[in-house]
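The structure under discussion appears below in the form of C-alpha cells.
The values are calculated or read from the model by the stated rules, or taken from the named source; none is laboratory data. Since the model is a prediction, treat every value here as computed from it, not as a measurement. Quick reminder, even Gly has a Cβ in these numbers, built from the backbone with ideal geometry, and neighbours come from all protein chains shown. With ligands, DNA and RNA removed, areas are computed over all heavy atoms of the protein, side chains included. Shrake-Rupley method; radii C 1.70, N 1.55, O 1.52, S 1.80 Å.
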Amino acid sequence: MITRQKIAPNGPEFSRLIYGTWRILDDADPANCSPQALLSRFKACADMGITTLDTAEIYGVYKVEEAIGSALRLDPAFRSKIEIVTKCGIYIPCEFHPDRKVAHYNVTAARIIKSAEKSLRFMGIDEIDLLLVHRPDWLTSADETAEGLNKLLKDGKIRSAGVSNYNTHQFDLLNSRMDQPLVTNQIEFSLLHMDPIFDGTADQCQRHRILPMAWSPLAKGVLMDKTDPAAARLHAKAAELSAKYNGATLDQLAYAWIMAHPSCPLPIIGTNKLERIQAVVKAADIRLDREDWYGLWEAAKGHGVP
Ligand SMILES: NC(=O)c1ccc[n+]([C@@H]2O[C@H](COP(=O)([O-])OP(=O)(O)OC[C@H]3O[C@@H](n4cnc5c(N)ncnc54)[C@H](OP(=O)(O)O)[C@@H]3O)[C@@H](O)[C@H]2O)c1
C-alpha cells in the first residue's frame, strides 16, 4: 500500500512513491504519448496511490510540461487529486532557442520567476506544489536564487521550494537565505549510486527532518541489465532472496532497499509501463531484514562493509 508523507515540517504531503515524467515522450509507440494515454497513466497511478508527479522545464527538451498540460486539460477536475513537482534552471540549445550555443544553468531571480510562470502556463495550473532548482548554478549567488523563490512563494505561485543535486554546503547556503525552509533535496540514489549515504546529503535531510526524493532508482535501467557486472551480482543476490520476499524481483528489492534508508527517500518511478509501475507498488510493502539490506549493499559494491 502506498502511504502518504509530509515531506518537511513546513512542506506538502506527497505519495511515498512518485511518478517521474522525464521519459514520457520517449516511448517507442507514439500512441503511448498522446494526451489521453498520458492522462490514463496518471489516473492509473493515482488509483494505486501514486498521486505525486515529478517533471521539469527541460524534460523532453522543453516539451514534457506542455504534454502534461494537454493531458490535464482533458479532465480539469483531476488536477486537485494530484501534486505536481517541477524544476527550473537548465538551458540547452534547442529548436525553440537557436540563439543558445552553450548548455548552461541559470537560477537568477528573474529566470526562476520566468520559468515558473511558463511551467504554470504550459501545464495549465494555478500553483506548483513544489518548485525545485534543478541544479546548482555556480554563477548565481544564493541571495539571488532565494529572492526568486521567496517571491514565487509570497505570490502563491508555488506552495513550497526545494533543490535538486545540491551538495550539503550549497543546500545550507541557499536555505540560510530562504523565508521558508527548503523542503527537499532531489538526489540520485540507488543500489548503483550510493553517494548520498556517503557524502552527507541523506544525513543532512535527516538533520532538517526533510525527505529526499530519489531519482533514477534503477540507475536509468542499468540495474536491470545483466551485462553490467554490478547489476549481474545484484541479479544473483535477488534470485537468492526472492523466495523469502514473496517472489520479489530485483527491481522491487531495489526500491525496497532505497525506501528502507532512515532518511525515508521518496523514489521517483521512471518506467512508462503500467505493469512495471504495479510491480513497484508491491515493493512498498517489502521490509528488508538488516542482513539482506547489507547483502544487497555488498552485492552492489562487490565487497563487504569495511
Ligand atoms: N533531478 C534530476 O536531476 C533528475 C535526473 C534524472 C531523473 N529524474 C527524475 O527521476 C525519474 C526516474 O528516473 P529514471 O527514468 O532514470 O528511472 P529508472 O527507473 O532508474 O530508469 C528508468 C528506465 O529503466 C527502464 N526500466 C524500468 N523498469 C524496468 C524493468 N523492470 N526492467 C527493465 N527496464 C526497466 C525503463 O524502461 P521502460 O520505460 O521500458 O520500463 C527506463 O528506460 C525521472 O522520470 C525524473 O522525474 C530527476
Open item on the list: List the trypsin sites (Lys or Arg not before Pro) within region 73-102 that DSSP assigns to loop and that have no more than 13 neighbouring Cβ atoms inside 10 Å.
Closed with: Arg100, Lys101
- [ ] Would you pull out the residues with amide H under 5 Å of Asp129's amide H, same chain only if 5 or more places away, H placed 1.01 Å from N?
- [x] Ile84, Arg159
TODO: Report, to two decimal places, the Cα Rg of region 17-183 normalised by 2.2 N^0.38 Å (N = number of residues).
DONE: 1.04
Task: Where the chain is the region considered: accessible area per residue in Å², 1.4 Å probe - done: 45
Open item on the list: Cut-off 10 angstrom, C-alpha nodes, Gaussian network model of the chain. Which of Gly60, Gly69, Gly221 fluctuates the most?
Closed with: Gly221
Open item on the list: Keeping all protein chains in place and using 1.4 angstrom, which order do Arg121, Arg41, Arg276 fall into by accessible surface area, from largest down?
Closed with: Arg121, Arg276, Arg41
Open item on the list: Give me the base-10 log of I(q)/I(0) for the chain at each q in 0.10, 0.14 Å⁻¹, Debye formula, one uniform scatterer per Cα, rounded to two decimals.
Closed with: -0.55, -1.08
- [ ] Arrange the residues His169, His193 by how much accessible surface each exposes, largest first, with a 1.4 angstrom probe.
- [x] His169, His193
Task: Antiparallel DSSP beta bridges within region 17-183, as percent of all bridges there, nearest 5 - done: 20
- [ ] Would you compute, from DSSP H runs of 4+ residues alone, the mean residue ellipticity of the chain at 222 nm, taking -39500 (n - 2.57) per run and dividing by the full residue count, rounded to the nearest 500?
- [x] -11500 deg cm²/dmol
TODO: Determine the share of region 17-183's accessible area contributed by carbon and sulfur atoms, expressed in whole percent, with a 1.4 angstrom probe.
DONE: 54
Task: Size of electric dipole in region 17-183: Cβ of Lys, Arg +1 and of Asp, Glu -1, about Cα centre, debye, nearest 20 - done: 140
TODO: Using the Karplus curve 6.51 cos²θ - 1.76 cosθ + 1.60 with θ = phi - 60°, work out ³J(HN,Hα) for each residue of region 248-258 in order, rounded to whole Hz, and write x for Gly and Pro.
DONE: 4, 9, 4, 4, 5, 5, 5, 5, 4, 5, 5
